[in-house]
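Before any comments, here is the structure.
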Amino acid sequence: MYLSLNWLREFTPYEGSAEDLADRLTMLGLEVEEILRPFAHLKDIVVGRVLERRPHPQADRLSLCRVDIGQVHTLPIVCGAPNVAQGQLVAVARPGAALSDGKEIRQTEIRGETSRGMICSEAELGLGEDSEGIMVLDGHFLLGRSLLKIYDLDDHVLNISVTPNRGDCLSMLGLAREVAVEFNLPLNIPSARPEAWVVEEGASCADNVTITIDDPDLCPLYQAGIIQGITIGPSPRWMRHRLLAIGQRPISNVVDVTNYILMEWGQPLHAFDRALLAGERIRVARAREGQSFTTLDGRERRLLATDLLIWDAEKPVALAGVMGGANSEVTRTTTDVLLECAVFNPICIRKTSRRLGLTSEASYRFERGVDQPGSRLAMNRALALIRETAGGKMMRGVAASEPRSWQAPRIIFRPTRAQKILGVALAPEFCRQKLEALGCDVNAEDAQAWRVLPPGFRLDLEREADLIEEVGRCHGLDRIPATLPKTARSLDWLESLAPDTDFRGKIKRWALGCGLTEVINYSFISSQDLTLMGLDREPVIALRNPLSEDQNVLRPMLAPGLLQSVRQNMTQGNATLRLFETAVIFLSDLAAETGAREPSRLGLALTGNRYPEAWPWPAEEVDFTDIKGCVEHLLGHLRLPEAVYVPLAEHPLCLPCAAVSLGGENAGWVGRVKPHLADYCHIRRGLFLAELDLNLLQRLCGHGRSAFRALPKFPPVRRDMTLIAPLDLAYSRVLETIRAQAVDLLRESILVDRFLPEGQQEARLTLRLTYRHNERSLTNEEVDQTHHGLCNSLTTLLPVRFS
Amino acid sequence: MSASGSDLGVGLARDLAQDPAQDLDALVPELEASLTAAGSEQELEAVRVQFLGRKGRLAGIMSGLPKLALDQRPAVGQKANQVKTKLQELLDQCLARLERDKERAALSRFDPSLPGRSAWQGSLHPITLITQEICSAFVSLGFDLVEGPELETDFHNFEALNLPPDHPARDMQDTFYITENTLLRTHTSPLQVRTMLRKRPPLAAIAPGKVYRRDSDLTHTPMFHQIEGFLVDTDVSLADLRGTLTAFVHRIFGPDTVVRFRPSFFPFTEPSAEVDISCMLCGGTGNCAAAPCRVCKQTGWLEILGCGMIDPAVFTAVGYDPEHYTGFAFGLGVERVAMLKYGIGDLRMFFENDVRFVSQFA
Ligand SMILES: [Zn+2]
């Protein structure tokens, strides 16, 4: 909302600076975003008189003028406008002056003739649309005076961000009321001008139009006024300037008046060309489902039965509260006008405006609520202004239907409650004075519980809390003291806290220590990516209104996001990546309250160098053992038992791929990304991914409780064995077989070497077995005996032999 | 031939005849001379073989022992042992010297400026770092962490927060919908509702998380991070909110930061306020070295969070008696704090995940 200080001063005598006003309004909850000087460029535009005009010797369309700007020397100016004439008072831009578009005027030579300035059009000065001819000034002005002075355009305009609850501040009057309250100034509300309010001019308006309202909920008040015999033309200069100052384009006297009243009172109006209305009837009724209607912007709109229309005796003529119809628009030839001043249901207007993507100054205000009691005043003022600017005869009175009058809510205001909420004691007299200045009717007979009636323009004041906010706001929220609350807490509350954040913190600390870099990807990905990644077989959760096709489904796995991160880094030339992400994924679950489960996942991605690219590290590339090592390291970090890794033949993203299983539960997977997806990520080398179920890990960690085990008292004895095994024998089978022997003394078996002799289909696996007795030292003999026994069992149970 | 042969024989005989004890004594200075020349372990070994080897000088002298008179033999034998010990001692000393030299030489080549075998550096995303910092500030003020789903119901995200359908304030939060009734949460405020539905006051909690709005341009990303905080008890006032947030701002931005409370509007709080802090770049003056400050756009203030006293309608929606309980709530954008703290200019960098960017912070 733009607030013109000149306009404001019509209502309240604010004499301070624009900057101070901006600060105070901001601290009152009306945030001023910028201070504009819309006509500042007119400072250097001065009044001049055309003393002489003769044709340019070299160009038919140009004139040579001599212009007097009240100085000793007159200015020679070459002018291209057809309407320039001797004797005219004109607006002159001297060399050095700037036009509204910022273009600076210089002394030039045009076809051999010197031109020391420019005679300006309205468009060039930002004072109107007219660019055909120069602006001719009507009236008597001193030569050389600035246009800023003669038209009183030295204005400041504040651009104010008005919160959605403050519909009343979408008008000069509403803002003036706030200024008056803040600065303790009087507020002068303009009334309809009695001298223009000639009631004898014609028939009664109510006799000439019948108003029917189908549903009072949707339209509690409809007023119509009629003026006949008007002349459509430009509105007076002062009105055009006011509108221009706040960014409104002047159109014609009648339309400008409706805009002027909208800006001044916050009451939207609509003017119909009465000649285009059929019958002498106005009906406010819903649209027919599927009906089409052309709004005055020329666009055809398809309507629903929930949309509200204004109908004449035959047809719809306006989309109520949003935009008029093209079929009844005021044009240059209009002579009779029917002026609508109504109140519409905010929700109804909002639904229509949102659905059609059609927001107007009118709908914006109706959505936020307009002042029903005040709309009669606005109507009267509008009619008076139309008559003043467009002439004509006004029918007597105003036709009105008000099936539902506005009732102020009765609010109890307790000063003690205000103190309790605000944490500061405000004097009752202060509260009362401010509430009254804001327009409330205050009855403080009961000093503990005042009865307050808010005004019709403050639809946001409904409850005591709203009034407490008002007195707090007037006192200044920034002047309330700062204290620390005593935070009492209950024991059962503490126990119910979710430790998820803590667990994720633990995972993140592990990853940090592991030399992984955290990434955060969008939760949405494209359905195309899902297809590319073969993830489209499961039902995914799709957005109904995505911003783009790139982000239209929620990811059912972290991997697609990680692959995006890899891809983006590759395009930047970051070829070695060690990434991790912790986030929830989204799985459809119709039984869940929100239709989805959001399990927590950890994703890992490795590619490029195994070690930092620096001496003394060897230059090696990561392979499967690196990503699996990360997974093992994490499980070890969490002191979880060893996982089982089983080949997964059917994984959408990875091949080879292994399922990670913990105590029989699926904890995730780890693998090498398939070549076509690696290509998609611009990777030629290996790219390895892992994804783990953090909820499961957290559950298995059991709130992170670790148990102490006594340290062994007796020394271990170690024995190595080297098995010669066929290549297709999984190492896990060797381990399982060893464990299955349940050898009492065996404490640990570690693979210390794996050697693949060239040209043979066999692997040499060297295992180091640790034996220990808990109660005594072992003798070499008994270890040897046990060890050999184990070796013999292996050769019988597995296709292995010993060298 | 015979003459020369006899010469040799005579010479040997004479040597032996002379005095083996004397010969033995001569070995020591000879060895000392040889050792001075020995510069390496190989040379030292050669010297050892020359003197103490099976066919060395000592062995040569000792081989003449049987020719001596019987009474002379013990003395010479004893002498020989002494010399042998001495020789061994000299050799050992020489070996020790050589080792010392070697070590010294090695030390002189030691170059600690060569790189160490340093492992990969890990890094946490700036959003994680700032979230942790903010949460720990509030945890130290007595707030507990809570979490909730990112996919929400209309009830938790809007209705219970005093945002009925078709409320104009829903415009402030352009929403991604999944179904008519479910959506991606547009703020972390549903956590207020969920927590209050689950628990009775007193409660003080903080809820960090991802939120989503249907908006994407230079200053908006469709996903970002918020931290919601709220405290409910029987006697909580706006002054307590001011105190809590002032303490928080001083923790995060330093004790000299000025905090400003400006009235605003949120449907779920009443009164509502926006909190500005003095611009850390220009110190609140609006200008940096006579140039307009680009961070605060010359206002001297930076908007940092929204807050207010929990609206009675929210209490009613969760079944609390709004006459009995009062409370405050606040919400802040993590990206915004991270940008201010780290001096990051471009919001979109947070989710491009360029490792050169995300690994800059600690
Ligand atoms: Zn600044």
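What to note about this one:
- Three-way shape call for the range A:500-703 based on the alpha-carbon gyration tensor, with the a/c threshold at 1.5: oblate
- Close amide H partners of A:Leu221, meaning residues 5 or more places away or on another chain with modelled amide H under 5 Å apart, are A:Val343.
- Helix B:41-52 vs. chain B, principal-axis angle (Cα, 0 to 90°, nearest 10): 30 degrees
- Packing rank of A:46-52, A:587-593, B:207-213, where each peptide gets the mean count of other beta carbons within 10 Å, highest leading: B:207-213, A:46-52, A:587-593
- A:Asp441-A:Thr359 FRET efficiency (beta carbon distance; Förster radius 45 Å; 0.05 resolution): 0.85
- Average other protein chain Cβ within 10 Å of Cβ, residues B:347-360: 5
- A 1.4 Å probe, protein heavy atoms only, puts the accessible area of A:Asp138 near 120 Å².
- Residues with amide H under 5 Å from that of B:Cys293, placed H, sequence gap 5 or more: B:Asn287, B:Cys288, B:Gln298
- 10 °C / 1.306 mPa s Stokes-Einstein diffusion coefficient of the range A:717-802, Kirkwood radius on C-alpha pairs, µm²/s: 118 µm²/s
- When peptides B:147-153, A:732-738 are ranked by their average number of other Cβ atoms within 10 Å per residue, the highest-first order is B:147-153, A:732-738.
- Here the contact order of the range A:500-703, divided by its residue count and restricted to Cα pairs under 8 Å and six or more residues apart, works out to 19 percent.
- Relative to the longest principal axis of the Cα atoms of chain B, helix B:126-140 runs at roughly 70 degrees.
- Lysines whose Cα lies under 23 Å from that of A:Lys351, excluding same-chain neighbours fewer than 8 positions away: A:Lys315
- Counting heavy atoms of the protein chains alone, B:Arg73 has an accessible area of about 80 Å² for a 1.4 Å probe.
- Bridge type composition, the protein assembly as shown - antiparallel percent by DSSP, nearest 5: 95 percent
- The HN-Hα couplings worked out from phi for the range B:90-99 by the Karplus form 6.51 cos²θ - 1.76 cosθ + 1.60 (θ = phi - 60°) are 5, 4, 4, 4, 5, 4, 4, 4, 4, 5 Hz, whole numbers, x standing for Gly and Pro.
- Here the range B:5-108 is treated with +1 on each Lys and Arg Cβ and -1 on each Asp and Glu Cβ, and its dipole about the Cα centre works out to around 260 debye.
- Residue by residue, the range B:149-160 carries 3J(HN,Hα) couplings of x, 8, 8, 10, 8, 4, 4, 6, 7, 10, 4, 5 Hz when phi is fed to the Karplus relation 6.51 cos²θ - 1.76 cosθ + 1.60 (θ = phi - 60°); x denotes Gly or Pro.
- The alpha carbon centroids of the range A:281-353 and the range B:224-245 are separated by 47 Å.
- For chain A, calculated [θ]222 nm from helices alone, where every DSSP H run of n ≥ 4 adds -39500 (n - 2.57): -8000 deg cm²/dmol
- Computed from backbone phi, the HN-Hα couplings of the range A:601-606 come to 10, 10, x, 10, 9, 10 Hz, rounded to whole numbers (Karplus: 6.51 cos²θ - 1.76 cosθ + 1.60, θ = phi - 60°; Gly and Pro given as x).
- Chain B, relative contact order in percent, only Cα pairs under 8 angstrom and at least six apart counted: 15 percent
- Judged by the gyration tensor of its Cα atoms, with axes a ≥ b ≥ c, the range A:325-393 is oblate; a/c meets the 1.5 cut and b/c is at least as large as a/b.
- Here, chain B yields an orientationally averaged convex hull projection of 39.3 nm² when only Cα atoms define the hull.
- Averaged over A:419-427, number of beta-carbon atoms from partner chains that fall within 10 Å: 4
- The relative contact order of chain A comes to 8 percent, based on Cα pairs under 8 Å that sit 6 or more residues apart.
- Tail beyond 13 Å, pair distance distribution of the range B:264-311 (Cα, percent): 56 percent
- For a label point 7 Å along the Cα-to-beta-carbon line of A:Ser803, residues of the range A:762-794 with backbone N under 16 Å: A:762-768
- Three semi-axes of the equivalent ellipsoid, the range A:639-697, Cα gyration tensor, whole Å, largest first: 25, 11, 9
- Highest mean packing comes first when the peptides A:116-128, A:269-281 are listed by Cβ atoms within 10 Å, giving A:116-128, A:269-281.
- Kyte-Doolittle at least -1.0, axis length at least 24 Å by Cα - qualifying DSSP helices, chain A: A:780-797
- Around the Cα centre of chain A, unit charges on the Cβ atoms of Lys, Arg, Asp and Glu (plus for the first two, minus for the last two) sum to a dipole of about 980 debye.
- What the protein assembly as shown shows is 46 Å² of accessible area per residue, with the surface traced by a 1.4 Å probe over protein heavy atoms.
- 20 Å reach of a label modelled at A:Trp617, 7 Å along Cα-to-Cβ, counting backbone N of the range B:89-129: B:113-125
- Other protein chain Cβ atoms within 10 Å, averaged over every residue that makes up B:122-131: 5
- Close amide-amide hydrogen proximity is noted between A:Thr212 and A:Ile282, A:Arg283, A:Val284, each under 5 Å apart and 5 or more residues distant or on a separate chain (H modeled in the peptide plane; Pro and chain starts excluded).
- Tensor-based shape of the range A:411-479 (alpha-carbon gyration tensor, a/c under 1.5 rounded, otherwise prolate or oblate): oblate
- Rolling a 1.4 Å probe over the protein chains gives B:Tyr177 an accessible area of about 60 Å².
- Selected from B:Ile206, B:Ile127, B:Ile61 as most flexible by GNM, with chain B as the system and alpha-carbon contacts under 10 Å: B:Ile61
The values are calculated or read from the model by the stated rules, or taken from the named source; none is laboratory data. This one's a predicted model, so the numbers in the text were calculated from it and none came from an experiment. Counting neighbours? That spans all protein chains shown, and the Cβs are built from the backbone with ideal geometry, glycine included. The protein model used for the area step is the full one, side chains on, heavy atoms only, and it has no ligands, DNA or RNA in it. Shrake-Rupley method; radii C 1.70, N 1.55, O 1.52, S 1.80 Å.
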